[in-house]
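To start, the structure itself, in structure tokens.
Read-outs: derived from the displayed coordinates by stated rules, not from any lab. Given the structure is predicted, the values throughout are model-derived calculations rather than measurements.
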Amino acid sequence: MDLHATYTFTAPRDQVWDLLMDPAAVSSCVPGCDGFEPVGEDCYAATLTVAVAAITGTYRGTVTIADKVPTSAFRLIVDGQGRVGFVKGDTHITLRTEGTGTAVEVSAVVEVGGTIARVGQRLLGSVGKMMMDRFFASLQAKISSATGV
């Protein structure tokens, strides 16, 4: 499944970058994130609970930040397993200045397998997009509360 979106922030690019590189801020914005602990440089052990249709699954795996170009771009590589299936993802995130704010472009290729994919196949794209939207809305709220904008 491919997911693409652009999110606009009212803060300058370096501030958005700093927040995206802050593990505590990121984990608090991810819907269903039950754990996010460092296991190496730019690598985290993550636990995430996701519901698709009538199936709820808890996934444990790794999130790796790669190909960093400070304040401009990076990749997130996700590899997780759970009782109801697996998820693998490769996401490219690009930040660009837009006026006095920042545009964040997200392009993800996600593979989901197992029971959760078979039962919720038609819903996976919309659930993935909804989770992405919620993450970036929560990130914007953090920026707004920090800047008062």
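With the radius of gyration and the Kirkwood radius both derived from the Cα set of the chain, what is their ratio Rg to Rh?
0.97
Given contacts defined as C-alpha pairs under 8 Å and at least six residues apart, what's the relative contact order of the range 2-147, whole-number percent?
28 percent
If one takes the longest principal axis of the Cα atoms in the chain, at what angle in degrees, from 0 to 90 and to the nearest 10, does the Cα axis of helix 124-147 lie?
Around 30 degrees separate the two axes.
log₁₀ I(q)/I(0) of the range 61-120 at q = 0.17, 0.22, 0.28 Å⁻¹, via Debye over equal Cα point scatterers, no solvent, to two decimals?
-0.65, -0.84, -1.08
Alpha carbon centre of the range 98-129 versus the range 6-42: separation in Å?
Distance between centres, Cα-based: 17 Å.
For Lys88, list the lysines whose Cα falls under 17 Å from its own Cα; do not include residues on the same chain fewer than 8 positions away.
Lys129
Please compute the length gained on full extension between Glu105 and Arg134, using 0.36 nm multiplied by the number of residues separating them and subtracting their Cα-Cα distance.
8.9 nm
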